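The values are calculated or read from the model by the stated rules, or taken from the named source; none is laboratory data. Just so you know, these numbers come straight off a predicted model, no measurement behind them. Here the Cβ positions follow ideal geometry from the backbone for every residue, glycine too, while neighbour counts run over all protein chains shown. These area figures cover heavy atoms from the full protein model, side chains too; ligands, DNA and RNA do not enter into them. Shrake-Rupley method; radii C 1.70, N 1.55, O 1.52, S 1.80 Å.
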Amino acid sequence: LWMDWNGAYFLYDYVDNKLYVSTTSHEKDLKLLHVGDFVTGVFVVGTKGKSFDGVISDRIPGEILIYEISDISNIQTFQRREDVRVDLSLPAYLTDDNYYLNLKKHALESYINEIKAACKKATILDLSAGGMKLSVNSRLEVGQVLLLLFYIDEKPLILKGELLHERVRISNNTRHYNYGVKFLDITELERETIISYVFVVMRKNRIRWEGFRWLRI
């Protein structure tokens, strides 16, 4: 379950039209929510998902922090298409250093600061569970395999990706190289993390657009 852009929660229970969601010990970096806060949530199971609005009505401390969500409204059910893509702008780091490429995924987490220092900076222009579009200031090779580091709600994702195609864009006499990237080693948990985040961004964008359209009218 994802709420706003505040990261991942776990669906704990649903009783008397109230939803209970929890965090775990390694989720303590999440921003604390408070009674009275309005929230938007999205959860995806397989190819189906639901989104909703609600209000934090209680905060139950303990070994795990549990939030009670009441006044649930605007419930929408959607069918997840494969690898739904959303436009956005996120910083990323990339490297073709074989040392990092050959490390096991679980070992890479201890090298995050080194990877950031050694990597080229890039910008993610769109994102899906299957890949992304990257913009960089220096040319890369189509077919090249890279290690990619980026953050979703301050949590790092480290994935391998293959550059599938290139497009050169010139702006203010500066060349920008855009690459389509296909993820090669993504786990199901990482897929679901990206999918949930993508749907939250899509819903936020739709709400903003509807508000803008209302203001124009």
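So the values come out like this:
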read-out: Subset of region 168-196 that is modelled with pLDDT under 85 and assigned to a helix (DSSP H, G or I) - its residue that is farthest from residue 9 (Cα to Cα); value: 195
read-out: Out of 141, 114, 166, sole residue that is more than 30 Å from residue 33 (Cα to Cα) and in contact with a Gly (Cβ under 9 Å, 6 or more places away or on another chain); value: 166
read-out: Boolean, residue 43 is among the hydrophobic types (A, V, I, L, M, F, W, C), part of a strand (DSSP E or B) and open to solvent by 30 Å² or more (accessible area, probe 1.4 Å); value: yes
read-out: Output for region 87-113, where each listed residue is of a type in the set (A, V, I, L, M), under 16 Å from residue 151 (Cβ atoms) and not in a helix (DSSP H, G or I); value: 88, 90, 92, 94
read-out: Boolean, residue 63 is open to solvent by 90 Å² or more (accessible area, probe 1.4 Å), at pLDDT below 90 and farther than 30 Å from residue 135 by Cα; value: yes
read-out: Failed condition for residue 77, given (1) closer than 15 Å to residue 151 by Cα; (2) surrounded by fewer than 16 Cβ atoms within 10 Å (Cβ to Cβ); (3) among the hydroxyl-bearing types (Ser, Thr, Tyr); value: (1)
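Here's the yes/no breakdown for (1) open to solvent by less than 10 Å² (accessible area, probe 1.4 Å); (2) under 17 Å from the mean Cα position of the chain (by Cα):
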residue: 137; (1), (2): no, no
residue: 149; (1), (2): yes, yes
residue: 153; (1), (2): no, yes
residue: 178; (1), (2): no, no
residue: 187; (1), (2): no, yes
